[in-house]
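Worksheet: the structure to be examined is printed underneath.
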Amino acid sequence: MSRADDLAELERGLLALRGLNNAPITTSKVLAPHETGVLLVDASAGAVTITLPPANRPMDVRVQRIDSSDNRLTVQAASDETVRFHTHLRATGYAFFVLMGAGDFWHLRSDGAGAWLPLDRLDGTALGRPIFETTTAISPGGWGVPNGSLLNRAEWPWLWDHAQQSGLIVTEAQRVGMEGAWTSGDGTNSFRMPELRGEFLRALDEGRGVDVARAAGSRQRGSLIVADYPSGGQGATALAPTASQGAAEYGYDPSANAEWTGIYTVTTSSLTPVSPSGAYMFGTTRPRNLAFPMRIKLI
């Protein structure tokens, strides 16, 4: 074997020692200091927790997820240590973070004094930010669907801190009409994310005076379409050729009667309001639009 071959073999051994070219980790593992470097993790068979070595000397670790399952992949610091991310919410950082989706990665460096500092990650978009996507798939990097679901405070401590400091948090009892806000959940263990599906978003007035008295995260009723009830007895004919044609064909959004008490509404294409004479709402307006999936940054 030549000297070049010897050097190449040494290099391959060093790369393996530093994590490169190793087989993916598939079960929970406590890392030793020599097992840092680049680590690939596959959580497709079940939840995996990777525990970092004590950050008592300079080390680098890059943990990358290679599967897109819904199983939770947690990377946690050693006992009493932290990873210093989202320090604007909690100065000491957090004991763990999660990797979401194939290709998601975090590159960390120990400070030699009990903490890990993030140097790079796949997606550094601001926590809690909503965006539209042109794919129904959920992109890797910490995204979820803003579907109003309950989350566990212990599993998402950074997001719970964000909710508490957001100025957009209400109790569960106050949620109706405030679906764009976070809620405090059960008051002890859970909290709820905003429900944004199927909604149009509007910039908060914040003192301009155009859309006054609006709370951040509050819902606003659609504008009324009102017509006189026709003598022919077919309520929808005021705005549509026949009563069998309705919301779907003529662009009327259904509106719950609870939003407009005392008003008859057309909520389906076949429903005709029946009542004595008067003015009736047949739906609420919407502009021509395209529907894209919305996502929210969870970490």
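The values are calculated or read from the model by the stated rules, or taken from the named source; none is laboratory data. Just so it is clear, the structure is predicted and the values come from calculations on it, not from any experiment. Ideal geometry is used to build each Cβ from the backbone, glycine not excepted, and the neighbour counts take in all protein chains shown.
Give Thr49, Thr36 a once-over and let me know the one that is in contact with an Asp or Glu (Cβ under 9 Å, 6 or more places away or on another chain) and either closer than 16 Å to Ala95 by Cβ or surrounded by 18 or more Cβ atoms within 10 Å (Cβ to Cβ) (or both). Spell out how you get there, then give the answer.
Details: Thr49 fails: in contact with an Asp or Glu (Cβ under 9 Å, 6 or more places away or on another chain).
The unique qualifying residue is Thr36.
Give Arg18, Arg109 a once-over and let me know the one that is charged (D, E, K, R) and at pLDDT 95 or above.
Values: Arg18 fails: at pLDDT 95 or above.
None of the others qualify; the one that does is Arg109.
Given the structure, is Trp116 under 20 Å from Thr171 (Cβ atoms) and either surrounded by 12 or more Cβ atoms within 10 Å (Cβ to Cβ) or touching a Leu at 6+ places or on another chain (Cβ under 9 Å) (or both)?
Values: under 20 Å from Thr171 (Cβ atoms): no; either surrounded by 12 or more Cβ atoms within 10 Å (Cβ to Cβ) or touching a Leu at 6+ places or on another chain (Cβ under 9 Å) (or both): yes.
So Trp116 fails the test.
Of the numbered conditions (1) at pLDDT 95 or above; (2) closer than 22 Å to Gly217 by Cα; (3) not assigned by TED's automatic domain parsing to the domain that holds Asp67, Leu89 fails exactly one; give the number of that condition.
(3)
Please verify whether Ile138 is among the β-branched types (Val, Ile, Thr), outside any loop (DSSP other than H, G, I, E, B) and within 27 Å of Ser218 (Cα to Cα), treating the condition exactly as stated.
The answer is no for Ile138.
Among the residues that make up region 30-41, is at least one of them on the phi > 0 side of the Ramachandran plot and not β-branched (Val, Ile, Thr)?
Step one: of region 30-41, the residues on the phi > 0 side of the Ramachandran plot are 37.
Add one more test, that the residue is not β-branched (Val, Ile, Thr), and what stays is 37.
Within region 30-41, one or more residues are on the phi > 0 side of the Ramachandran plot and not β-branched (Val, Ile, Thr).
Rundown of residues vs (1) of a type in the set (Lys, Arg); (2) in the same structural domain as Thr49 (by TED's automatic domain parsing), yes/no style:
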{"position": "Phe97", "(1), (2)": "no, yes"}
{"position": "Asp104", "(1), (2)": "no, yes"}
{"position": "Arg109", "(1), (2)": "yes, yes"}
{"position": "Ala115", "(1), (2)": "no, yes"}
{"position": "Ala126", "(1), (2)": "no, no"}
{"position": "Ala181", "(1), (2)": "no, no"}
{"position": "Phe191", "(1), (2)": "no, no"}
{"position": "Ala203", "(1), (2)": "no, no"}
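Out of everything in region 169-213 that is exposed (fewer than 10 other Cβ atoms within 10 Å of the Cβ), within 30 Å of Leu290 (Cβ to Cβ) and among the small types (Gly, Ala, Ser), what residue ends up being modelled with the highest pLDDT?
Checking each candidate, the answer is Ala203.
Tell me whether region 80-99 contains one or more residues that are part of a loop (DSSP other than H, G, I, E, B), surrounded by fewer than 17 Cβ atoms within 10 Å (Cβ to Cβ) and touching a Lys or Arg at 6+ places or on another chain (Cβ under 7 Å).
The answer is no, given that none of the residues of region 80-99 is part of a loop (DSSP other than H, G, I, E, B), surrounded by fewer than 17 Cβ atoms within 10 Å (Cβ to Cβ) and touching a Lys or Arg at 6+ places or on another chain (Cβ under 7 Å).
If the Cβ limit is 8 Å and pairs must be 6+ apart or interchain, which residue in region 150-179 that is farther than 14 Å from Ile299 by Cα pairs with which residue that is of a type in the set (Val, Ile, Thr)?
Between residues of region 150-179 that are farther than 14 Å from Ile299 by Cα and residues that are of a type in the set (Val, Ile, Thr), the close pairs are Ile169/Thr183; Val170/Thr183; Thr171/Thr183; Glu172/Thr183; Gln174/Thr183; Arg175/Thr183; Met178/Val170.
Name every residue in region 70-94 that is without any contact (Cβ under 8 Å) to a residue 24 or more places away in the chain and at negative phi, in order of residue number. Spell out the reasoning first.
Here is the first cut: in region 70-94, the ones without any contact (Cβ under 8 Å) to a residue 24 or more places away in the chain are 70, 79, 87-88, 91-93.
Hits for region 70-94 are Asp70, Ser79, Thr87, His88, Ala91, Thr92.
Hey, Phe97 hits all of (1) touching a Leu at 6+ places or on another chain (Cβ under 8 Å); (2) touching a residue at least 60 places away in the same chain (Cβ under 8 Å) but one; which does it fall short on?
Result: Phe97 fails condition (1) only.
Find the residue count for region 55-79, including only residues that are surrounded by 15 or more Cβ atoms within 10 Å (Cβ to Cβ) and in a loop (DSSP other than H, G, I, E, B).
8
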